[in-house]
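The values are calculated or read from the model by the stated rules, or taken from the named source; none is laboratory data. Keep in mind it's a predicted model, so treat the numbers as computed, not measured. Neighbour counts run over all protein chains shown; Cβ positions are idealised from the backbone, glycine included.
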Amino acid sequence: MTNSTSFMKDLNFQQRLAIGIVVLTILTTITLGFVGSRLSEDFLLIRFRDRMDFLAKYLAANCELGIILDDRQMLQRLAENLLKEEDVVRVIIESTNGKILARVQVSDETGHDIVQTPVFLTTQSENLAFSTGKSGQQILGRVKIYYNTTGIEQLSRQLHLRYAGITLLIAAGGITAFLFFSKSLTSPLERLIEAAQDISQGNLEVKLSEGSLPETRKLARAFNTMTKALKQSRKDLEFTYQQLIQQKALAEIGHFAVTVAHEVKNPLGIIKGALDILKKPDIDQETRMTMIEYVDDEVMRLDKLIQDFLELSRPRPLSFNEVNLYQMLSDIVERMNLEWKPKGIDIKLEIQDNETGFTVQADEDLLTRAVSNIIKNACEASSQHHGPVVKVELSKNDNETVIRVIDTGKGIKQKDMNRIFEPFFTTRAEGTGLGLAFAKRIIEAHMGQITVESEKGKGTVFTVLLG
């Protein structure tokens, strides 16, 4: 059942229709042929038996005188004359007590069909040839005619063969006619399929020619109208897309300009205030040095901000070397603890099994900065929520190395989950929103993957997968 269903699924419209027509034509012609041959055969047999019955009655009517006179020569001649009839093989005339008065035959074979009729004593007013044997008539004897059905059987077989031949001719003619006319039905569908394939490949210049049938003309017109509408829709979509690109570019430029202005404004304000103080002639040396340190710190802050923008917009090509991730993370954690332990944040490195087996091909400098940005983000989140620990876990998962950074902050809002890796997106007033965007770009450049999981009030987990 499954194989037949699969076979039918592989057939196209024309093949399925052809199979249906062939089966229907064959079944119809076979049925009509069988019924026709059976009816013809029955008709021939009935007519054949009627003929034999007529011969028997005819012989019985002519035997009446011979039986009355007991003229056996006469009866013999009558029997011999009847034997000349086609298919008659034996004739017997007998008396009422079963005594054979005349007997002739062409063979001694048995098993032939038989028809028998009584011989009545008739009057002048009665039909001598077709007496019905009404009650009161005297029976003089009996006529038996044995006949052979070989001829009628041969005729029936010939009739069957002719019907079979006619059936095959009708079936072949019907199938041929179907194949001829079905082409006019399936050709438009084939052209439609080819045109649809061309359209799927981007060719909207396809145009279907109208066929000879009203349905195919309607189909071609509808298809051509559709392609025309698609061409116009593509033009409108391209125009709209170009407009969106321009608007998005302008929006990003505006966002960039606002972010830069905001980030630059605060350091410039501090620098200007420090310079105003330095211009005063009566300031002491300690104040002077403090103001100079402020100016130096803000200049460095501006330089770092500009450097971050440049790195995000124009990352340098990666230089791959063999890197021990355990050693790299140990250095990062040790260095960042110098900054964050005094602020109450303890960064801990946890490793699966042992320190070996964590070597990958990577650009150590860029990967270090990317992971540092993730850990820094975790430390800032934990410090806002007074979380004491940030964990960095290193493990293996099949052929991948897994780095997990877990903070104890307040978590990320669900509405912000899809935006945390966007440039300039940040939930902190002093942030630039570039750290995580830079980290994601560098990790993906290493053919890695970074994901985030967060639950409100339970912190956030960043997972980095490296091959």
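Can you list the strands (runs of 3 or more DSSP E) lying wholly within the stretch 372-467 that have 1 or more residues being closer than 23 Å to K341 by Cα, assigned by TED's automatic domain parsing to the domain that holds R335 and at pLDDT 85 or above? Explain how you work it out, then say what you get.
Working: elements: 389-397, 400-406, 449-454, 460-466.
Fully inside the stretch 372-467 and qualifying: 389-397, 400-406, 460-466.
Picking from L101, L69, which residue would you name as being among the aliphatic types (A, V, I, L, M), surrounded by fewer than 19 Cβ atoms within 10 Å (Cβ to Cβ) and under 23 Å from T122 (Cα atoms)?
On the way: L101 fails: surrounded by fewer than 19 Cβ atoms within 10 Å (Cβ to Cβ).
Result of the check over L101, L69: L69.
Could you run through the stretch 392-414 and say how many residues are more than 15 Å from S454 (Cβ to Cβ) and surrounded by 19 or more Cβ atoms within 10 Å (Cβ to Cβ)?
Filtering the stretch 392-414 down to residues more than 15 Å from S454 (Cβ to Cβ) leaves 392-403.
Applying the additional criterion that residues be surrounded by 19 or more Cβ atoms within 10 Å (Cβ to Cβ) yields 392, 394, 401, 403.
The number of residues fulfilling the criteria is 4.
Starting from the stretch 30-57, take each residue that is under 30 Å from L140 (Cα atoms) and list its partners that are aromatic (F, W, Y) and modelled with pLDDT of 80 or more, counting only C-beta distances under 7 angstrom and pairs at least six apart or across chains.
Matching pairs, first to second residue: M52/Y147.
In this structure, is E334 under 30 Å from G467 (Cβ atoms), in a helix (DSSP H, G or I), at pLDDT 80 or above and not basic (K, R)?
So E334 fits the description; yes.
Is there any pair with a first residue in the stretch 70-86 that is among the acidic types (D, E) and a second that is assigned to a helix (DSSP H, G or I) and surrounded by 17 or more Cβ atoms within 10 Å (Cβ to Cβ) whose Cβ atoms are under 7 Å apart and which are 6 or more apart or on different chains, and what are they?
Taking only residues 6 or more apart or on different chains, the pairs are E85/L55.
Which numbered condition trips up V389, out of (1) farther than 22 Å from G467 by Cα; (2) without any contact (Cβ under 8 Å) to a residue 24 or more places away in the chain?
Among (1) farther than 22 Å from G467 by Cα; (2) without any contact (Cβ under 8 Å) to a residue 24 or more places away in the chain, the lone unmet condition for V389 is (2).
Anything in the stretch 43-87 that is within 19 Å of S156 (Cβ to Cβ) and either in a strand (DSSP E or B) or more than 60 Å from the chain's Cα centre (by Cα) (or both)? List them, or say none.
Of all residues in the stretch 43-87, those within 19 Å of S156 (Cβ to Cβ) come to 43-52, 86-87.
Answer for the stretch 43-87, where residues must be within 19 Å of S156 (Cβ to Cβ) and either in a strand (DSSP E or B) or more than 60 Å from the chain's Cα centre (by Cα) (or both): I46, R47, F48, R49, D50, R51, M52, E86, D87.
Of V323, V360, which residue is touching a Gly at 6+ places or on another chain (Cβ under 8 Å) and either at pLDDT 80 or above or assigned to a helix (DSSP H, G or I) (or both)? First the steps, then the outcome.
Values: V323 fails: touching a Gly at 6+ places or on another chain (Cβ under 8 Å).
Within the list V323, V360, the selection yields V360.
Residue-wise test of (1) touching a Pro at 6+ places or on another chain (Cβ under 7 Å); (2) modelled with pLDDT of 65 or more; (3) among the β-branched types (V, I, T); (4) not in a helix (DSSP H, G or I).
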site: T225; (1), (2), (3), (4): no, yes, yes, no
site: R234; (1), (2), (3), (4): no, yes, no, no
site: Q243; (1), (2), (3), (4): no, yes, no, no
site: K248; (1), (2), (3), (4): no, yes, no, no
site: T259; (1), (2), (3), (4): no, no, yes, no
site: G273; (1), (2), (3), (4): no, yes, no, no
site: D276; (1), (2), (3), (4): no, yes, no, no
site: D282; (1), (2), (3), (4): no, yes, no, yes
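Test each condition in (1) of a type in the set (S, T, Y); (2) farther than 30 Å from V88 by Cβ; (3) surrounded by 13 or more Cβ atoms within 10 Å (Cβ to Cβ); (4) at pLDDT 75 or above for Y146 and report the one that comes out false.
Answer for Y146: the failing condition is (2).
Limited to the stretch 151-179, what total is found for residues that are without any contact (Cβ under 8 Å) to a residue 12 or more places away in the chain and under 27 Å from R51 (Cβ atoms)?
So the answer is 6.
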